[in-house]
1. Condition test on Phe70, is it of a type in the set (Phe, Trp, Tyr) and farther than 25 Å from Arg234 by Cα?
2. Filter region 121-150 for residues that are within 15 Å of ligand 1 (Cβ to nearest atom), touching a Leu at 6+ places or on another chain (Cβ under 8 Å) and under 21 Å from Asn95 (Cβ atoms) and give the result.
3. Do you know which residues across region 110-123 are surrounded by 13 or more Cβ atoms within 10 Å (Cβ to Cβ) and either at pLDDT below 95 or not β-branched (Val, Ile, Thr) (or both)?
4. Among the residues in region 76-86, are any out of contact with any Pro (no Cβ under 8 Å at 6 or more places or on another chain), open to solvent by less than 20 Å² (accessible area, probe 1.4 Å), hydrophobic (A, V, I, L, M, F, W, C) and within 16 Å of ligand 2 (Cβ to nearest atom)?
5. Among the residues of region 224-238, is there at least one that is modelled with pLDDT under 95, basic (Lys, Arg) and out of contact with any strand residue (DSSP E or B) (no Cβ under 9 Å at 6 or more places or on another chain)?
6. I'm told Phe24 meets every condition in (1) outside any strand (DSSP E or B); (2) crowded, with 21+ Cβ neighbours inside 10 Å except one. Can you identify the failing condition by its number?
7. Would you mention how many residues in region 88-120 are within 16 Å of the chain's Cα centre (by Cα) and more than 8 Å from ligand 2 (Cβ to nearest atom)?
8. For residues in region 52-75 being away from ligand 2 (no atom under 16 Å from the Cβ), of a type outside the set (A, V, I, L, M, F, W, C) and touching a strand residue (DSSP E or B) at 6+ places or on another chain (Cβ under 8 Å), which is most open to solvent (accessible area, probe 1.4 Å)?
Amino acid sequence: MEKREELYAGKAKSVFRTDDPERFVLVFRDDTSAFDGEKKEQLNRKGMVNNCFNAFIMEKLEAAGVPTHFEGLLSATETLVKKLDMIPVECVVRNVSAGSLCRRLGVEEGQELNPPTYELFLKNDALHDPMVNESLAVSFSWASEAELTQMKKLTYKVNDVLKALFDEAGMLLVDYKLEFGRSSGDSTDIVLGDEFSPDGCRIWDKETRKKMDKDRFRQGLGDVIETYEEVGRRLGIRFQ
Ligand code: ADP
Ligand code: UDP
């Protein structure tokens, strides 16, 4: 496999074409951003930590029957993935109230949500990722009914797998965001793309409720990458 030209540089990762038209390379950079790119910093080792973290989680999900784009680690900061036609809708599950949910509804942080909530947001930084729903997604052809049904099913399946994984390691999976894509244009062929790392979820220590995710960066709590590594160590991830 040969890495070719860069197709897209996002806020935290870059996407490269390869000599295989069906595969891309994702490069995890040290760039860290929050508030739709308004707060930006370089955090040493972040690319490596998130790349290894994501590989570990994608392998767990794949083993549990969630189809993912993950093909293999290429280096400390690079992963080979299946090329997907990304669906511009982010799927968010919450087990505990936090973040935009509290701001939007005026509810207190830390309430257990039973059953967990499921929300959709349009991936659009300029509009600050507005909340949308299935009707809007279908009417604007962002995704079909069948694709949305599959995305929801897989997002909840991810919750079953990861809630238990974090719980066994003494942590609470508060919420997370997933992105899906089409691997072949067939609506039954919905595949989990992008990444799962402490950048795109909230994780708290079960006992102390210490924040162990990107809220450390958003809220200026310090030790961002050291804490990501602590989460990884508790899960048994070996960083390079
Ligand atoms: P953003 O675009 O939100 O700034 P990133 O910096 O993480 O985010 O950029 C990664 C980009 O790559 C995202 O737009 C994401 O949707 C896209 N992407 C992730 N996985 C794949 C894939 N398998 N195929 C095509 N695009 C992908
Ligand atoms: N999230 C994300 N990217 C986004 C929006 C949200 O990774 O563009 C994640 C976020 O880290 C959190 C979950 O999705 O784990 C829910 O985010 P929320 O709606 O509370 O928004 P936020 O408070 O992050 O603005």
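The values are calculated or read from the model by the stated rules, or taken from the named source; none is laboratory data. It should be emphasised that the depicted structure is a prediction, and the values quoted were computed from it without experimental measurement. Ideal geometry is used to build each Cβ from the backbone, glycine not excepted, and the neighbour counts take in all protein chains shown. Only protein heavy atoms, including side chains, enter the accessible area calculation; ligands, DNA and RNA are left aside. Shrake-Rupley method; radii C 1.70, N 1.55, O 1.52, S 1.80 Å.
1. no
2. Of everything in region 121-150, just one residue is within 15 Å of ligand 1 (Cβ to nearest atom), touching a Leu at 6+ places or on another chain (Cβ under 8 Å) and under 21 Å from Asn95 (Cβ atoms), namely Asp129.
3. Within region 110-123, Gly110, Gln111, Leu113, Pro116, Tyr118, Glu119, Leu120, Phe121, Leu122, Lys123 qualify.
4. no
5. Yes, some residue in region 224-238 is modelled with pLDDT under 95, basic (Lys, Arg) and out of contact with any strand residue (DSSP E or B) (no Cβ under 9 Å at 6 or more places or on another chain).
6. All conditions are met except number (1).
7. 7
8. Glu59
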